[in-house]
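*Asks:* Here you go, one structure.
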Amino acid sequence: MREKRDWSDIGQSTSDASRPVPSISDLSRFSRPAALAVVVLVAWAAAARAADEAGMLKLNRRLHVPEQRGDGSLVYKPNWGPIEWDPKKTAFIICDMWDQHWCQGAARRVVELAEPVNKFAHAARKRGVLVIHAPSTCVDFYKDTPERRRAQAATLAKPPVVLSQATRWGTRWCYPVEGREGELPIDDSDMGCDCATKCEIRTPWTRQIKLIDIEDGDAISDDGQEVYNLLAERGIDNVLIAGVHLNMCVLGRSFAIRQLVLAGKKVMLVRDLTDTMYNAKSRPFVDHFTGTDLVVEHVEKYWCPTITSVDLLGGQPFRFAEDKRR
Ligand SMILES: [Zn+2]
């Protein structure tokens with residue numbers, strides 16, 4: 001039934017949704033005047049971005065849409081298109097960016113990821129987006145702070161579906177929905193440590209990493225109902241989500257992708273501001289970052305579109321230093 005899915009639930013449709021975004025290397029085939037025109041257009045776009053400071057968030061969403069082939073099988077193709085979101089009706093959720101991790105490689109990457117996540121949060125906040133910090137199982141660290149109290153005090157709101165009551169790893173958990181989602185494209189059954197010496201699994205995290213600022217007006221919660229209440233109270237329909245790890249908590253936590261999509265929210269993953277627990281020695285035997293890209297594609301096929309941080313920050317998408325692909 002997947003090919004029958006109506007993607008209108010994920011944002012407004014667009015007339016040029018199928019047009020791919022040109023890459024820098026595409027420009028080399030243009031003549032000099034054409035290249036200059038491109039430069040002018042780029043400058044114009046930057047000016048438009050500045051002019052939009054107080055207006056709508058202009059986002060370039062990507063998803064993977066199914067096409068039926070002659071033999072009846074499905075092939076998924078990337079599809080880009082513009083979406084405008086009202087920042088006042090948008091939240092940015094930061095998932096499980098803890099101060100520590102049992103896997104040293106994962107912990108190192110979180111330190112690296114924290115800076116662009118923090119910049120993205122600042123840019124979003126400045127535009128009027130509600131920033132929600134969700135360091136699962138660590139919210140008691142923030143007990144009695146205004147940001148934690150704000151989440152606890154939000155008026156109880158009834159979601160259109162019963163939120164999952166299952167639990168995993170210390171919070172409510174939304175497992176894959178039968179018939180909606182294919183198998184994950186990576187084998188994470190070894191928990192995904194890709195360090196030379198296998199790290200011992202334990203729970204060393206105590207709080208969100210200090211490199212991400214928590215500011216006036218933000219909220220702190222690791223609970224799907226609390227997050228739903230916060231969103232309902234402010235009339236927020238749109239959620240941007242970033243953080244770790246995409247194959248686990250960013251999909252499964254009760255405030256994260258699966259549950260929010262099922263509860264009727266329009267969700268978009270910030271795909272360059274995430275990471276996976278994936279060991280390249282496991283199926284499908286690709287490097288760590290290609291593994292992450294495969295899970296991003298999985299999300300775009302079955303759950304929600306994605307954007308990159310460029311839509312708010314300009315510049316280039318974030319890349320980990322260890323990502324040696326070109
Ligand atoms: Zn490790």
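*Asks:* Here is a list: Val177, Val139. Which entry is farther than 18 Å from Ile212 by Cα and of a type in the set (A, V, I, L, M)? Full working, then the answer.
*Replies:* Working: Val139 fails: farther than 18 Å from Ile212 by Cα.
Just a single option satisfies the conditions, and that option is Val177.
*Asks:* Can you tell me which of Lys126, Lys77, Lys89 is surrounded by fewer than 17 Cβ atoms within 10 Å (Cβ to Cβ) and touching an Asp or Glu at 6+ places or on another chain (Cβ under 7 Å)? Before you say what the answer is, go through the steps one by one.
*Replies:* Numbers: Lys126 fails: touching an Asp or Glu at 6+ places or on another chain (Cβ under 7 Å); Lys89 fails: surrounded by fewer than 17 Cβ atoms within 10 Å (Cβ to Cβ).
Just one listed residue meets the conditions, Lys77.
*Asks:* Right, another one. Here's a check for you: in region 118-131, which residue that is over 13 Å from the mean Cα position of the chain (by Cα) and of a type outside the set (D, E, K, R) is nearest to the ligand (Cβ to nearest atom)?
*Replies:* Result: Asn118.
*Asks:* Now for a different question. Just wondering, is there one or more residues in region 9-16 that are of a type outside the set (Ser, Thr, Tyr), surrounded by 14 or more Cβ atoms within 10 Å (Cβ to Cβ), at pLDDT below 95 and more than 30 Å from Ile201 (Cβ to Cβ)? Break it down stepwise before answering.
*Replies:* To start, the set of residues in region 9-16 that are of a type outside the set (Ser, Thr, Tyr) comprises 9-12, 16.
If we keep only those that are surrounded by 14 or more Cβ atoms within 10 Å (Cβ to Cβ) as well, we get 10-11.
Those left that are additionally at pLDDT below 95: 10-11.
Right, trim to more than 30 Å from Ile201 (Cβ to Cβ) and you get 10-11.
There is at least one residue in region 9-16 that is of a type outside the set (Ser, Thr, Tyr), surrounded by 14 or more Cβ atoms within 10 Å (Cβ to Cβ), at pLDDT below 95 and more than 30 Å from Ile201 (Cβ to Cβ).
*Asks:* Looking only at region 292-315, which residues are in contact with a helix residue (DSSP H, G or I) (Cβ under 7 Å, 6 or more places away or on another chain) and either over 19 Å from Leu57 (Cα atoms) or not aliphatic (A, V, I, L, M) (or both)? Quick ask: steps written out before the conclusion?
*Replies:* Step one: filter region 292-315 for residues in contact with a helix residue (DSSP H, G or I) (Cβ under 7 Å, 6 or more places away or on another chain), giving 299, 303-306, 309, 312-314.
Listed by number, the residues that qualify are Val299, Trp303, Cys304, Pro305, Thr306, Ser309, Gly314.
*Asks:* Taking interchain pairs and intrachain pairs at least six residues apart, which have beta carbon atoms under 8 angstrom, with the first residue in region 212-225 and at positive phi and the second outside any loop (DSSP other than H, G, I, E, B) and crowded, with 19+ Cβ neighbours inside 10 Å?
*Replies:* Cβ pairs passing all conditions: Gly217/Leu130; Gly217/Val131.
*Asks:* It is to be established whether one or more residues within region 184-205 are assigned to a strand (DSSP E or B) and touching a helix residue (DSSP H, G or I) at 6+ places or on another chain (Cβ under 8 Å). Let's see the steps before the verdict.
*Replies:* Start the filter on region 184-205 by keeping residues that are assigned to a strand (DSSP E or B), which leaves none.
So far as region 184-205 goes, no, none of its residues is assigned to a strand (DSSP E or B) and touching a helix residue (DSSP H, G or I) at 6+ places or on another chain (Cβ under 8 Å).
*Asks:* Looking only at region 206-226, how many residues end up being of a type outside the set (S, T, N, Q) and not in a loop (DSSP other than H, G, I, E, B)?
*Replies:* Restricting attention to region 206-226, the residues satisfying the condition of being of a type outside the set (S, T, N, Q) are 207, 209-220, 222-224, 226.
Narrowing the set further to residues that are not in a loop (DSSP other than H, G, I, E, B) leaves 219-220, 224, 226.
Number of matching residues: 4.
*Asks:* How many residues, within region 227-250, are without any contact (Cβ under 8 Å) to a residue 60 or more places away in the chain and over 19 Å from Pro116 (Cβ atoms)? Before the answer, list the steps.
*Replies:* Filtering region 227-250 down to residues without any contact (Cβ under 8 Å) to a residue 60 or more places away in the chain leaves 246.
Next, only the ones that are over 19 Å from Pro116 (Cβ atoms) stay: none.
Of the residues in region 227-250, 0 are without any contact (Cβ under 8 Å) to a residue 60 or more places away in the chain and over 19 Å from Pro116 (Cβ atoms).
*Asks:* Would you mind stating whether Val139 is within 16 Å of the ligand (Cβ to nearest atom) and of a type in the set (Val, Ile, Thr)?
*Replies:* Working: within 16 Å of the ligand (Cβ to nearest atom): no; of a type in the set (Val, Ile, Thr): yes.
Answer is no for this residue.
*Asks:* Looking for something within 16 Å of the ligand (Cβ to nearest atom) and in a loop (DSSP other than H, G, I, E, B) - is there at least one such residue anywhere in region 250-262?
*Replies:* No, region 250-262 has no match at all.
*Asks:* List every residue pair whose Cβ atoms lie under 8 Å apart, where the two residues are 6 or more positions apart in sequence or sit on different chains, the first residue falls within region 256-270 and is in contact (Cβ under 8 Å) with a residue 60 or more places away in the chain and under 19 Å from Ala157 (Cα atoms), and the second residue, located anywhere, is basic (Lys, Arg) and surrounded by 24 or more Cβ atoms within 10 Å (Cβ to Cβ).
*Replies:* Close Cβ pairs satisfying both conditions: Gln259/Arg253.
*Asks:* Additional query: Just for region 90-117: of the residues that are of a type in the set (Gly, Ala, Ser) and farther than 16 Å from Thr276 by Cβ, which one is farthest from the ligand (Cβ to nearest atom)? Before the answer, list the steps.
*Replies:* Of the residues in region 90-117, the ones of a type in the set (Gly, Ala, Ser) are 91, 105-107, 114.
Right, trim to farther than 16 Å from Thr276 by Cβ and you get 91, 114.
Numbers: Ala91: 31, Ala114: 18 Å.
Across region 90-117, the extreme among qualifying residues is Ala91.
*Asks:* On to the next question. Of the residues in region 179-205, how many are closer than 17 Å to Arg109 by Cα, surrounded by 18 or more Cβ atoms within 10 Å (Cβ to Cβ) and more than 9 Å from the ligand (Cβ to nearest atom)?
*Replies:* 1
*Asks:* Only one of (1) of a type outside the set (S, T, N, Q); (2) touching a Pro at 6+ places or on another chain (Cβ under 7 Å); (3) crowded, with 20+ Cβ neighbours inside 10 Å fails for Ala154. Which number is that?
*Replies:* Every condition holds for Ala154 apart from (2).
*Asks:* Test of understanding: among Arg326, Arg271, which residue is basic (Lys, Arg) and at pLDDT 95 or above? Working first, answer last.
*Replies:* Values: Arg326 fails: at pLDDT 95 or above.
Step by step, each of Arg326, Arg271 is checked, and only Arg271 is basic (Lys, Arg) and at pLDDT 95 or above.
*Asks:* Continuing with this model, one more query. Just one of Thr167, Thr137, Thr171 is of a type in the set (Ser, Thr, Tyr), under 30 Å from Gly264 (Cβ atoms) and crowded, with 17+ Cβ neighbours inside 10 Å; which is it?
*Replies:* Numbers: Thr167 fails: crowded, with 17+ Cβ neighbours inside 10 Å; Thr137 fails: crowded, with 17+ Cβ neighbours inside 10 Å.
So the residue among Thr167, Thr137, Thr171 that is of a type in the set (Ser, Thr, Tyr), under 30 Å from Gly264 (Cβ atoms) and crowded, with 17+ Cβ neighbours inside 10 Å is Thr171.
The values are calculated or read from the model by the stated rules, or taken from the named source; none is laboratory data. Not measured: the values here are computed from a predicted model. Every residue, glycine among them, receives a Cβ derived from its backbone with ideal geometry; neighbour counts consider all protein chains shown.
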